[in-house]
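Right, one structure below, let's go through it.
Every number in this text was worked out from the coordinates using simple rules, so none of it is lab data. Quantities reported herein were computed from a predicted structural model and do not represent experimental measurements. Positions of Cβ are generated from backbone atoms using ideal geometry, with glycine treated the same way; all protein chains shown enter the neighbour counts.
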Amino acid sequence: MRRRHARGFSLVELVIVLVLLGVLSVFAADLIRQPIDASADVQRRARLADAADQAMSRMSRDLRLALPNSIRASTDGRAIELLLAPMAGRYRANPASAIVDPVRDADVLDFSTPDASFALMADLPAAPAAGQWAVVYNLVADGGVANAWAGDNRATVTAGSSLRHVRLAPSFQFPFASPAQRVYFVSQAVQYRCAPDGQLLRHVGYAPSAAMQVPAASPSALVAEGASFCDFRYVAGAQTRQSLASLRLTLTREGESVSLLKPVHVPNLP
């Protein structure tokens with residue numbers, strides 16, 4: 001009876017099979033990795049673009065709420081500053097024809113002498129808080145005349161102010177009347193600055209000063225990280241056109257960069 005010999009794989013055949021499997025696994029891994037890497041790149045770019053867009057939106061919102069003609073930018077373009085004025089009203093320049101309430105109807109704003117209080121023509125959305133500033137006829141962001149940063153047209157609101165009546169302490173004499181009887185209520189100074197470490201910071205809670213400078217020991221909030229390029233510019237307007245703030249921002253993370261340019265038209269009538 002003839003025996004059958006069982007045949008197996010030789011060592012050479014086994015090595016060839018392993019080599020072929022290795023080559024196939026490399027190609028398969030590369031095919032799988034490409035869409036995964038592409039998806040990760042898309043998600044990374046989307047997060048970066050979203051961070052840049054949020055930073056631009058926050059800056060634009062503050063710029064649109066700025067006291068007219070209070071915006072100023074640093075010479076290197078890495079910082080932009082403003083006085084935030086979320087409320088405005090019309091002060092009473094003449095007594096009402098029918099005086100029902102002497103405080104609300106007859107307390108006019110006197111520009112010939114320091115005044116401690118004045119009435120408004122209509123109710124404000126909220127009573128001005130103590131420590132805020134009342135500003136009348138702001139024309140520039142530099143110089144010493146009609147400039148709220150310098151303080152010649154900026155009075156401090158004190159406790160006891162209401163929706164239609166404003167109290168000042170100390171008494172204050174505004175240098176110029178507003179043709180439209182506008183008075184703005186400034187809540188705080190705000191500065192956006194790109195720090196050397198790539199952080200875009202929002203500084204608040206510091207005292208306004210005539211010259212623009214880095215706020216010292218002021219609270220700051222992180223707006224964005226990875227700011228590799230910042231260029232903030234401001235072009236003052238005129239009676240026939242609005243002011244224009246130009247914001248350029250580039251964020252860079254993990255080898256990816258996103259650049260945004262956003263123009264912001266700002267009302268400038270005082």
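The table for this structure:
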item	result
Cα-based helix-to-principal-axis angle, 11-64 vs the chain, degrees rounded to 10	0 degrees
Residue-count net charge about residue 174 - beta-carbon cut-off 10 Å; Lys, Arg +1, Asp, Glu -1	-2
FRET E, pair residue 121, residue 65, Förster distance 22 Å, beta-carbon r, rounded to 0.05	0.55
Over the chain: helical MRE at 222 nm, DSSP H runs n ≥ 4 each giving -39500 (n - 2.57), nearest 500	-8000 deg cm²/dmol
Rel. contact order, % - alpha carbon contacts under 8 angstrom, at least six apart, the chain	19 percent
More than 27 Å apart - percent of Cα-Cα pairs taken over the chain	54 percent
Ranked by how many other beta carbons lie within 10 Å on average, peptides 216-224, 138-146 from highest	138-146, 216-224
Modelled label reach - residue 197, point 7 Å along Cα→Cβ, the range 226-257 residues with backbone N closer than 16 Å	226-228
Distant alpha-carbon pairs in the range 112-270 (separation over 18 angstrom), percent	68 percent
Hull volume in cubic angstrom per residue (convex hull over the Cα atoms of the range 87-186)	90 Å³
Compactness index (Cα Rg / 2.2 N^0.38 Å), the range 139-230	1.36
Charge dipole magnitude, Cβ of K and R +1, D and E -1 - the chain, Cα centre, debye nearest 20	1220 debye
Within-11-Å neighbourhood charge of residue 263 [Cβ basis; K, R +1; D, E -1]	+3
